[in-house]
């Protein structure tokens, strides 16, 4: 209902719920405050993750797997244009130096993380992020014991995903710079990369 009220010079928007007056929201400040709370909650979760080292190792392992999968891509052919005589214009550049490599490497990266949970191996120990599922029977048994509800597992997947996003956001330039220096997957061992 947006009818002007008598005696008021300015009109503020009022939202009325169709089934009675459940609440009123006035203007943009409420929406901005709500957005701020959501962002703060996501950032707080990413920074407040338990066992950052083991969570970082899972993110690093995923990055290593993607680096290994890209082997064999030697150069990027950018000679798609033709001149007036039919000759190709453009150049070929090394795939590892191309921006396309980094876009493909980090695209959907945090959404495709393996299923992992912060598991406590024995009483009194700190939790350690561990991959669970087929091929990991010990971790699967601990996961069923410590996270019996599917909702809790989904929440932990979100927490790990938020941590991954924060790590990539904070260190994207460093990762790209490091990968430009060397062919990591071709010349290095996995443990050297994760250290």
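Readers should treat all values here as calculations from the given coordinates under stated rules, not as data from a laboratory. Just so it is clear, the structure is predicted and the values come from calculations on it, not from any experiment. Note that each Cβ is placed from the backbone with ideal geometry, even for glycine, and that neighbours are counted across all protein chains shown.
Measuring from a point 7 Å past the Cα of residue 65 along Cα-to-C-beta, which residues in the range 110-129 have an amide N at less than 18 Å? The answer is 110-119, 129, whose backbone nitrogens lie closer than 18 Å to the label point. Taking label positions 7 Å along the Cα-Cβ direction at both residue 106 and residue 75, the computed distance is 2.7 nm, reported to one decimal.
With N denoting the number of residues in the range 76-142, provide Rg(C-alpha) divided by 2.2 N^0.38 Å, to two decimal places. Before the final figure, lay out the partial values.
On the way: Rg = 23.5 Å, N = 67, 2.2 N^0.38 = 10.9 Å.
Computed over Cα atoms of the range 76-142, the ratio equals 2.16.
For the range 50-194, the Cα gyration tensor yields ellipsoid semi-axes of 40, 15, 13 Å (square root of five times each eigenvalue, largest first, whole Å).
Stretched out straight at 0.36 nm per residue, the stretch from residue 150 to residue 88 would grow longer than its current Cα-Cα span by 16.7 nm. Were the residues from residue 51 through residue 95 laid out at 0.36 nm apart, the gain over their Cα-Cα distance would be 12.3 nm.
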